[in-house]
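Just below is one structure, and these are the notes that go with it.
The numbers here are math on the coordinates, done by the rules we state, and not lab data. No experiment lies behind these values; they were computed from the predicted model shown. Glycine gets a Cβ as well: all are built from the backbone with ideal geometry, and neighbour counts include every protein chain shown.
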Amino acid sequence: MTTGIRTTLDSTDPRTGATVDTGLEATTAEQVAAITEQASVAFAVLRTRSRAWRAGLLRALAEGLEADRVALVGAALSETGLAEVRLDGELSRSAFQFRLFADAVEEGGYLEAAIDHAGPTPLGAGPDVRRMLVPLGPVAVFGASNFPFAFSVVGGDTASALAAGNPVVVKAHSSHPITSERSYASLTRAAAAYGAPDGTFGIVYGQRAGAVLVADPRITAVGFTGSLHTGRILQGIIDEREAPIPFYGELSSLNPLVITPGAAVARTGAIGEGLFASVAGSAGQLCTKPGIAFVPAGAAGDALVADIVSRAAEADAQTLLNARIHGAFDGIRTRLIEEGGARSLVAPSAGAEGFSLTPAVLEIDAADVTAAVAEEAFGPLVVLVRYTSIDEVRAALQAVPHSLTATIHSTDDETERRGALTAAVQDLVGRIVYDGYPTGVRVSWAMNHGGPWPATNTQHTSVGVTAIRRFLRPLAWQDAPADVLPVELRNGSVDVPRRVDGVLELAAL
């Protein structure tokens, strides 16, 4: 370090508050430019490689992560305070995501290949037109604080962008720089051993470097999971570019959960246990945490509230990810009470050391719900909304910002009520959960992890196979010679499904 001037980055263990010098330096603007230039060179190579080669690369990366599991999980333990079992499972999820995208690349349906042969049409003679999706170019990915693997350097944005055929430059999160560096090293080792070009992966450190990265003309899209405030800053940078680019932001979500009267009677203890676990899991620092729960008035609802209160009052303190989140938590809780009108049922208390605290529970009547009480509180806090009718739920939901998820707990003899609640939430969210809990997002072909603004600013999912669509663009070839066409669009049998002259044709076996 230069005397009097800090040139390296710190890492803080949130369990103790102890800070160490990582030896990692903030990336300069000149270094960012060199990294994106190398990514552009790599893109020229990656776009020529076959789908089979790319699928092999994705699987090699998964194997590399698993080989480095001990070092990666160890780094994340000391930088996030998350439980080892959670981190170990999250790393397995990251490896699984790379393999799932490898399967999707091999299958080829994501290309949306289509051929319209030349010939007569109702509007006259038509040319030969062939179309499919192609990669964009270097993609910037911002690591998220609450998922040091699954939404960070080795996360789904990285996997889906690479699966599409793009190099990736990651902005390391300041809360886990060592984990980011070790994750990046794992990827680059595995990529180099497989034969991927230099520049397939890049990484930058520091807030300023992130801004420079987004403004760099060689970057063609940005994937971001984080706060609405930071997302707006990044969108502003993109708007100032000479050529704006797609910004895929997952930003803020309250995830309302509704418990019907029948469910409250039939499953009081089970719902109390499940809801509290969903609120307090990972110290309430999950984007799908149900931050507001609608509980019916009356004896059954009272019993459910008492169950949740008892669990919260007896819970141990949990570690939050960093000092900023820890410091903001009680300020948000206080606003929900003083400006939102909520009543405190369980107040949080700080743990013995580090950035830890116990859960908090608030309550409010549905008729009193306003936007002031519908603020996302990142941490173990839930607002219980007491209601007397479905109309009260509908009205209160209008004050809740659009979210990633909504959850409905009901019984089989409440079909009319369940249908009314489904209709009330379906335009407000990207996923509806029935008789379960929204935390624990499945990585699959059918999953949608997205939602209307301000949950996200996009119609695309960031989890599951269709996340690849964000980093592709359509390209059509008209009357093209066969030698310039991608193999997936040439005449004859191919290994991808295609729509030919309007008829869907399955891949040749």
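A straight line joining the Cα centroids of the range 248-299 and the range 480-496 runs 51 Å. Summing charges over neighbours of Val393, with a neighbour being any other residue whose Cβ is under 11 Å away from its Cβ, gives +1 when K and R count +1 and D and E count -1. Quick check: from the Cα gyration tensor, does the range 280-406 come out rounded (a/c under 1.5), prolate or oblate? Prolate is the answer for the range 280-406, as a/c is 1.5 or above and a/b outweighs b/c.
Scaled against the 2.2 N^0.38 Å expected of a compact globular protein of N residues, the Cα radius of gyration of the range 354-509 reads 1.52. Using C-alpha pairs under 8 Å with a sequence gap of at least 6, the mean separation divided by the residue count of the range 17-167 gives a relative contact order of 28 percent.
As a calculated quantity, the FRET efficiency between Ala352 and Val70 at R0 = 22 Å, using C-beta atoms, amounts to about 0.20. Relative contact order, whole percent, for the range 354-509 stands at 14, derived from Cα pairs under 8 Å and 6 or more residues apart.
Shape class of the range 68-158 from the Cα gyration tensor (axes a ≥ b ≥ c, square roots of the eigenvalues): prolate, since a/c reaches 1.5 or more and a/b is larger than b/c. Residue separation of Arg473 and Asp368 scaled by 0.36 nm, minus their Cα-Cα distance, works out to 33.2 nm of gained length. Net charge dipole, the range 371-448: roughly 220 debye, given to the nearest 20, about the Cα centre with Cβ charges of +1 for Lys and Arg and -1 for Asp and Glu. Of (i) 27.5; (ii) 24.2; (iii) 30.4, which is the value of mean projected area of the Cα convex hull in nm² derived from the coordinates here? It is the value labelled (i). A Förster radius of 45 Å, combined with the Cβ-Cβ distance separating Arg241 from Val85, puts the computed FRET efficiency at roughly 0.60. Neighbours of Glu375, meaning other residues whose beta-carbon lies under 14 angstrom from its beta-carbon, give a summed charge of -1 when Lys and Arg score +1 and Asp and Glu score -1. For Glu505, nonlocal amide neighbours, meaning residues 5 or more places apart or on other chains whose placed amide H falls under 5 Å from its own, are Arg498, Arg499, Val500.
Over the chain, Cα pairs under 8 Å with separation of 6+ residues give a relative contact order of 18 percent. Using θ = phi - 60° in the Karplus curve 6.51 cos²θ - 1.76 cosθ + 1.60, the 3J(HN,Hα) couplings for the range 110-115 round to 4, 6, 6, 5, 8, 10 Hz; x is entered for Gly and Pro.
In this rough spin-label picture, where each label sits 7 Å from Cα along the Cβ direction, the Ala299-Thr28 distance is 7.5 nm. Modelled label positions at His117 and Ile337, each set 7 Å beyond Cα in the direction of Cβ, lie 7.4 nm from each other. Per q in 0.10 1/Å, what log10 I(q)/I(0) does a Debye calculation on the alpha-carbon atoms of the range 1-124 return? The Debye formula, applied to the Cα set alone, gives -0.59. Using the Karplus relation 6.51 cos²θ - 1.76 cosθ + 1.60 with θ = phi - 60°, the per-residue 3J(HN,Hα) values for the range 477-491 come to 10, 10, 6, 7, x, 4, 6, 9, 7, x, 4, 5, 10, 7, 5 Hz, with x marking Gly and Pro. Relative to the longest principal axis of the Cα atoms of the chain, the long axis of helix 299-314 makes an angle of roughly 80 degrees.
For Trp453 and Ile233, the difference between the fully extended length at 0.36 nm per residue and the C-alpha to C-alpha distance is 77.6 nm. For Val45 and Glu314, the difference between the fully extended length at 0.36 nm per residue and the C-alpha to C-alpha distance is 91.1 nm.
Apply 1/(1 + (r/R0)^6) to the Cβ-Cβ distance of Ala125 and Leu509, taking R0 = 41 Å, and write down the FRET efficiency to the nearest 0.05. Plugging the Cβ-Cβ distance into 1/(1 + (r/R0)^6) gives 0.70.
Taking Cβ atoms as reference points and 13 Å as the exclusive limit, the residues near Val361 contribute a net charge of +1, counting Lys and Arg as +1 and Asp and Glu as -1.
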